[in-house]
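The structure under discussion appears below in the form of structure tokens.
The values are calculated or read from the model by the stated rules, or taken from the named source; none is laboratory data. Quantities reported herein were computed from a predicted structural model and do not represent experimental measurements. Counting neighbours? That spans all protein chains shown, and the Cβs are built from the backbone with ideal geometry, glycine included.
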Amino acid sequence: MSPVPKITVTIITLNEEGNISACLESVKWADEIIVSDSGSIDKTKAICRGYGAKVFDDSWNGYGKQKNLCARRAANLWVLNVDADERITPELKDEIFNALSSDSFDGYFIPRKNFFGNTWVKHCGWYPDYNLRLYRTDKGAFSERRVHEAVIVNGQRAYLKNPLSHHTYKDTEDYLKRMERYSTLSAEELFNNGKKATIADIYLRPAFTFFKMYLLKLGFLDGRTGFLLSRLYARYTFEKYSKLKKLQNTAHTA
């Protein structure tokens, strides 16, 4: 087996003082940590510097562009991208080292163990929720979407077994707050791509979203949390297409 290549961890932040310490603690083994901060007014940047991270102040350009900006600053060929509310477990770290020492692939999908509050959501399409997060920067990069970005690798890819922990929404209020932002970004992206919202999109898609998550993806096995998440995602779908319709109407009357 080859020596383990050096790894750069990249993180984008905005007012993450409640999350970032646990995240950084879980990746302090990395050879380099690069943080792109887009205007935090809390202690986020100070905490990052305390862990030896290289912190950059960047204007917000969307999730994909922000993450690619981080990767371009990496001193190492291999990049592991994590969000501030994610944690790399010791088991996953060991698996990453073993995988990279084999020097066989150009990118790796990592499963995510997603939590709503303190509850691990095992269904609803929330697990294993593979994301490609570990990749060679000469072979891959994030799609430059404003939201729902993903790494695209031009090369061989493989799947790791050990999940990272994703402490996504603290509670319903936290979900609704972020839903407002994500639904707006998604509606704007759809509008800019020439998509149009129909009555079916606004009223039938949300119902199907609930049906898919709660029944087809076995959300009912997650009990009350599964029911709540299915309802919240249905609401997100309604908000997204309602906002798209408003953008269409505004453009039509302009």
Residue that is modelled with the lowest pLDDT, among those in region 203-254 that are farther than 20 Å from residue 183 by Cα and among the small types (Gly, Ala, Ser): 254
Specify the residue that is farthest from residue 72 (Cα to Cα); the eligible residues are those in region 4-56 that are of a type in the set (Gly, Ala, Ser) and not in a helix (DSSP H, G or I). 18
Residue pairs qualifying under the 6 Å Cβ cut-off, at least six apart or on distinct chains, with the first in region 158-171 being buried (at least 16 other Cβ atoms within 10 Å of the Cβ) and the second being aromatic (Phe, Trp, Tyr), are 160/108; 167/115; 169/116; 169/175
Output the strands (runs of 3 or more DSSP E) that fall wholly within region 135-215 and possess 2 or more residues being hydrophobic (A, V, I, L, M, F, W, C) and over 21 Å from residue 113 (Cα atoms), or say none. 140-142, 151-153
The one condition in (1) surrounded by fewer than 16 Cβ atoms within 10 Å (Cβ to Cβ); (2) under 22 Å from the mean Cα position of the chain (by Cα); (3) without any contact (Cβ under 8 Å) to a residue 40 or more places away in the chain; (4) in the same structural domain as residue 230 (by TED's automatic domain parsing) that residue 215 fails to fulfil: (2)
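Can you find, within region 51-82, the residue that is surrounded by the most Cβ atoms within 10 Å (Cβ to Cβ) among those that are small (Gly, Ala, Ser) and closer than 21 Å to residue 185 by Cα? Give the derivation first.
Of region 51-82, the ones small (Gly, Ala, Ser) are 52-53, 59, 62, 64, 71, 74-75.
Checking the rest, the ones that are also closer than 21 Å to residue 185 by Cα come to 59, 62, 64.
Details: 59: 7, 62: 16, 64: 20.
Result: 64.
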Pairing a residue in region 219-244 that is more than 21 Å from residue 197 (Cα to Cα) with any residue that is in a helix (DSSP H, G or I) and of a type in the set (Asp, Glu), where Cβ atoms lie under 8 Å and the two sit 6 or more apart in sequence or on different chains, gives 229/222
Subset of region 83-138 that is out of contact with any Ser or Thr (no Cβ under 9 Å at 6 or more places or on another chain), basic (Lys, Arg) and surrounded by fewer than 22 Cβ atoms within 10 Å (Cβ to Cβ) - its residue that is farthest from residue 67 (Cα to Cα): 122
Please verify whether residue 22 is buried (at least 19 other Cβ atoms within 10 Å of the Cβ), small (Gly, Ala, Ser) and touching a residue at least 40 places away in the same chain (Cβ under 8 Å), treating the condition exactly as stated. no
